[in-house]
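Please read the structure below before turning to the comments.
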DNA sequence: TCCAAAAATTAGACATGCCTAATTATATTT
DNA sequence: AAATATAATTAGGCATGTCTAATTTTTGGA
């Protein structure tokens, strides 16, 4: 996933990243206003920057169609996302940061420039497929694992899944997870769903069963 | 080694770092010109920034005495140096970068802000005392290991030392080291010095003896 | 279709951190 | 001590990326 040059400023990179994220979520037209909301800045600032990105051939912009990344822009955006998610894995697994702390630091680390960095980090971490939030990590060639993930409450009775992330990063939830000895990669079998309150009986790592609430089962991201 | 706030800009941090390095090398007066040479910028720019750093109470500046870091400024500078050297160890040991590649990337990584980052990285790396260039890594409290290091050619006959870094980062030297299976931490015994050409007979990791040139022995940093 | 609200854009400013050129202060030589 | 060279500073500008306020364009409802 080489981008050729590494001449983007921090600000440009953040715009590309935001445009990428807005673009994948939906087929919606990406407008200056949408970007300004995502970046918590002023639409006027966005318009200035869009001009610059058009000049650099990183985006296309027509009022009717909205903003769209060019191939070049997409490559750069994907590399930033790749670095962000790899660093999150590093921070969680190697430096023992918690789920809710990694994002902010990865926001900084994603802008470190070096041609080999992402690939070496990827190898060092054992080529992880998902980051601690359950989001797929783009591969070196720009491909991305399919997002199989769902929430625990939607898993079928009797099936076993693997934890890929959390939807809730409150410390109370994270502490509860710690207490239950649930982390990234933990295997969970959904033994039974209780219709009354939608709570679920689960077996963690094939161990004894525990009952968890619907709120809990809605907050845990898993895939099979 | 907390600095309280983390409000320094990248540029300010680079100034503090340069002032720190200029200050430790010698008792020389640190002048705007000296700083501008270290930063490859214009003395006029330096004067602007010095005013700002004085306002922020990070340095003291009197024409007669030159520039001096305040306690606050020193703390920040030491933390940057600590992060720089820890990241260098990480890049070399974990990501398998070579001695000559780590500096440039560490120049970027040293500016990542997070209260726990340096300490967690330090722990993860096993509390290394020296970076790949043999420079001591400041501890969390700001203390620094004494620089015991010297060059291999100055080690006494019969004594054993440990490699802490290199003075020469040319790829020919680094490849030679690789061939000899010498890396950070490798134990070397200086068996004999040959007066004729100052070459040295050494035993690597207690293994069989090898002869190396004076140039080689001058380029390898060790401590006992 | 026309009007009002929302969105986009332009104009003009500002902070940061850099520059060059001109000026002033400090050192060094003679 | 005066002259000269060097260092430090000031003045004025520029690029980046942001802002507010004013204006124009677009869109959707009556």
- What list do you get for A:121, B:95 if you sort them by fewest beta carbons within 10 Å? B:95, A:121
- Once all Cα-Cα distances of segment B:64-145 are split into 5 Å bins that start at 0, what whole-number percent is in each one? 3, 16, 26, 25, 15, 8, 4, 2, 1, 0
- Query: Measuring from centroid to centroid over Cα atoms, what is the spacing of segment A:121-135 and segment B:47-67 in Å?
  - Reply: 45
- Message: Ordered shortest first, which distances in nm separate the 7 Å Cα→C-beta label point of residue B:150 from those of the other copies?
- Response: 7.0
- Honestly segment A:122-224 on the Cα gyration tensor test (a ≥ b ≥ c root eigenvalues; a/c under 1.5 rounded, otherwise a/b vs b/c for prolate or oblate) is just prolate
- Message: Compute for segment A:10-73: radius of gyration divided by Kirkwood radius, i.e. Rg/Rh, restricted to C-alpha atoms, rounded to two decimals.
- Response: 0.90
- Query: Can you give me the relative contact order of chain B as a percent, contacts being Cα pairs under 8 Å and 6 or more apart?
  - Reply: 16
- Message: For the pair residue A:21/residue A:37, report the inter-label distance in nm, with labels modelled 7 Å from Cα in the Cβ direction.
- Response: 1.4
- So what does the Cα-only Debye profile of chain A read at q = 0.13, 0.15, 0.17 Å⁻¹, as log10 I(q)/I(0), no solvent term? -0.83, -1.01, -1.16
- Task: Report, in whole Å, the centroid distance computed from the Cα atoms of segment A:146-175 and segment A:70-98.
- Result: 21
- Please give the helix B:43-55 orientation as an angle from the longest Cα principal axis of chain B, in degrees from 0 to 90, rounded to the nearest 10. 70
- Query: For the pair residue A:175 and residue A:96, how long in nm is the line joining their label points, each one 7 Å along Cα→Cβ?
  - Reply: 1.8
- Message: What does the copy distance list look like for residue B:41, label position 7 Å along Cα→Cβ, in nm and ordered from shortest?
- Response: 2.1
- Task: Any chance you could list the semi-axes, whole Å, largest first, of the equivalent ellipsoid that the Cα gyration tensor gives for the protein assembly as shown, using √(5λ)?
- Result: 45, 32, 22
- Message: If packing is taken as the average count of other Cβ atoms within 10 Å, what order do B:96-109, A:146-159, B:79-92 fall into, highest mean first?
- Response: B:79-92, B:96-109, A:146-159
- residue A:197 versus residue B:201: modelled label distance in nm, points set 7 Å from Cα along the beta carbon direction: 8.2
- The helix A:71-93 Cα axis meets the longest alpha-carbon principal axis of chain A at an angle in degrees, between 0 and 90 and rounded to 10, of 40
- Query: Which distances in nm, rounded to one decimal and ordered from shortest, link the label point of residue B:224 to the equivalent label points in the other identical copies, with labels set 7 Å from Cα toward Cβ?
  - Reply: 6.8
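Just so you know, all these numbers are worked out from the coordinates, no wet-lab data involved. What you see is a predicted model, and the numbers here were worked out from it, not measured in a lab. All Cβ positions, even for glycine, are placed from backbone atoms using ideal geometry, and neighbour counts span all protein chains on display.
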